[in-house]
Each structure stands twice: as structure tokens, then as C-alpha cells.
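Data first, discussion second: the structure below is written as C-alpha cells.
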Amino acid sequence: MNDLGFTDEEIERYARHITLPQVGGIGQRKLINSKVLVIGAGGLGSPLLLYLAAAGVGTIGIIDDDKVELSNLQRQIIHTNDNIKIHKTDSAKKAILDINPNVNVITYKERFSFKNAEDIVSKFDIVADGSDNFGTRFLANDVCYLKNKTLVSAAILRFEGQISSYSAHKGSNCCYRCLWPEPPPKGLIASCGEAGVFGALAGSIGSIQAIEVLKEILGIGHSLNNYLVIFDTLSSEMRKVKINKDNNCKLCGSKPTITSITNHKDYR
């Protein structure tokens, strides 16, 4: 196992992973060598970032332009009361390094936009979107497809969460636009700030998101490509819905009309 270059500290830290036949030393080395970009250090990003760090993902990028507010702490467990008014990326980086000082954390104190998306995404192997608005979700989908990156996308509102993976660049898989072709008109769907969100739901969906990212890196289990998981906390029901690729999709269909991300410059 030490042929894989593990230190004694790494062997002890990741012992429970290395013991798993589906992971082992080779899988753990994949995690250490991987680079994951997380969009948003909020409710979903909090457990996602912590579990990626604990699992030993070697390089974690965080992009978020917000600062920590008191109202965040109800669900954004990576932040603390002492970090109010501090940039979320700095707060998250500290928490990550407190768990695993071996992780390389790259922070971007800016909004994920059409101006920076291609440059940033190109530096990572996989993207996990935990943003709270449709503009960012569609941008993440489009740039990941155009840059041949796998996207693990999740969303929460009130008492319901959703999660899926998108690797349409690999062939027959669908993309986010196969399910939702266009962003809804601004103001049609309330934000978490307007409608509220059940705090612990963020922990559940963010943790599942971490699982799916790790599975994609390791190449184990069944991917959520072409499936959407919906979790309703009030009924304690989880549904897995099949998604079909749309051959008329503007992005990944047979005759695409979206070939760049410049169409996002007017959407926020």
C-alpha cells in the first residue's frame, strides 16, 4: 500500500476508506489527486465541503462572494458565530483546514459569472453546484458541458431538496437543460430568503452531494446521471426519477444553439 506514496499520517487518517474494497489505497490516491470546485459556501456547500475535505480530496476550490451573516448559521454549519462579517470563502477555508490540513484550498471571493466561469472550471476535474439561484445553476451546467466536466447539482427550498449529476459531454447522458430548458422568469420562484428553508435539509442534501462527487471521482456505484433524486422531509419520502436526454436540447442536443456562455451575461 505504501507503494502509493502514503505517509503514516495519511494511512491512519484514511484507514476507514482504505479498508473498503471499493475504495482501497488506489481509490484514496484518486481522491488525494482530485480537484473539485464547489460553487457556494452556504447551506449545501457547508456539509459538502467538510465531507470532501475529510475524505481527502486533494484540491478544493470555493467560489462565493458573500460574507457570513447571522441568518446563515441556521443551516450553514461550516461557519460560526465568530466568523460573522467574514468572507464565506475564508471562513470555509479555516474550517476545512481544521479538519484536514493536507487539503489545498483555493478561494475565489467573487460571483460565479460568465466572465470567470470558463477559466475557473477548466482548473478542476469536477464541479459541485450548491448555489441558490437559477442563473448560476444554468451557467454551471452550460460551462461544464462545454468544458467536458461532470457537474453534481443540488437545490433546496422550504422542505424539499433535489440532486442529480450531469455528464452530457460523455455521450448519451442528459444535461440540466434536458430537464429545465430555460431559467424561469425572474421573481417567479421564491428564493430561500423569501420562502424559507428547513435547516437540517441542507445537511442531508449537501451530504448526498458529497457522496455523489466522491462516487464520480472513484468510479464506483451507480451514478445519478440521468436521474433526479427528490427528498421531501415532511413526508419522509425520497423519489428517484428517470430523466431522458432531450435530442432537441439547445445545449447537448443534435443541433445545439448554445455554443458559448455569452448568453449568460444579462442573467443574474
### Task
Only residues in the range 81-93 that are in contact (Cβ under 8 Å) with a residue 12 or more places away in the chain count as the first member; pair them with residues that are part of a helix (DSSP H, G or I) and among the hydroxyl-bearing types (S, T, Y), Cβ under 7 angstrom, at least 6 apart or cross-chain, and list the lot.
N83/S91
### Matching residues in the range 138-154 - criterion: being surrounded by fewer than 23 Cβ atoms within 10 Å (Cβ to Cβ), free of Cβ contacts under 8 Å to residues at least 40 places away in the same chain and on the phi < 0 side of the Ramachandran plot
K147, K149
### Message
Condition check: hydrophobic (A, V, I, L, M, F, W, C), modelled with pLDDT of 95 or more and within 15 Å of the chain's Cα centre (by Cα). Does I126 satisfy that?
### Response
yes
## Note on the structure
Here, helices (runs of 4 or more DSSP H) confined to the range 47-165 with at least 2 residues that are over 27 Å from G199 (Cβ atoms) and in contact with a strand residue (DSSP E or B) (Cβ under 7 Å, 6 or more places away or on another chain) are 117-121
### Task
Could you tell me which numbered condition G221 fails, if it satisfies all but one of (1) assigned to a helix (DSSP H, G or I); (2) among the small types (G, A, S); (3) modelled with pLDDT of 95 or more?
(1)
### Query
In the range 225-268, how many residues are in a loop (DSSP other than H, G, I, E, B) and either among the aliphatic types (A, V, I, L, M) or exposed (fewer than 15 other Cβ atoms within 10 Å of the Cβ) (or both)?
19
### Of all residues in the range 213-224 being surrounded by 20 or more Cβ atoms within 10 Å (Cβ to Cβ) and not β-branched (V, I, T), the one that is farthest from A202 (Cα to Cα)
L218
### Task
Assess whether S204 counts as being in contact (Cβ under 8 Å) with a residue 12 or more places away in the chain, within 26 Å of L49 (Cα to Cα) and in contact with a Ser or Thr (Cβ under 6 Å, 6 or more places away or on another chain).
no
### Message
Could you tell me how many of the residues in the range 166-179 are touching a residue at least 40 places away in the same chain (Cβ under 8 Å), assigned to a loop (DSSP other than H, G, I, E, B) and farther than 25 Å from L49 by Cβ?
### Response
3
### Message
Please go through (1) in contact with a Phe, Trp or Tyr (Cβ under 6 Å, 6 or more places away or on another chain); (2) closer than 24 Å to G203 by Cβ for K93 and return the number of the only condition it doesn't satisfy.
### Response
(1)
### Query
When you scan the range 62-94, how many residues do you find that are surrounded by 20 or more Cβ atoms within 10 Å (Cβ to Cβ) and among the small types (G, A, S)?
2
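The values are calculated or read from the model by the stated rules, or taken from the named source; none is laboratory data. These numbers were taken from a predicted model, which means no experiment stands behind them. Reconstructed Cβ throughout: ideal geometry from the backbone, glycine too, with neighbour counts over all protein chains shown.
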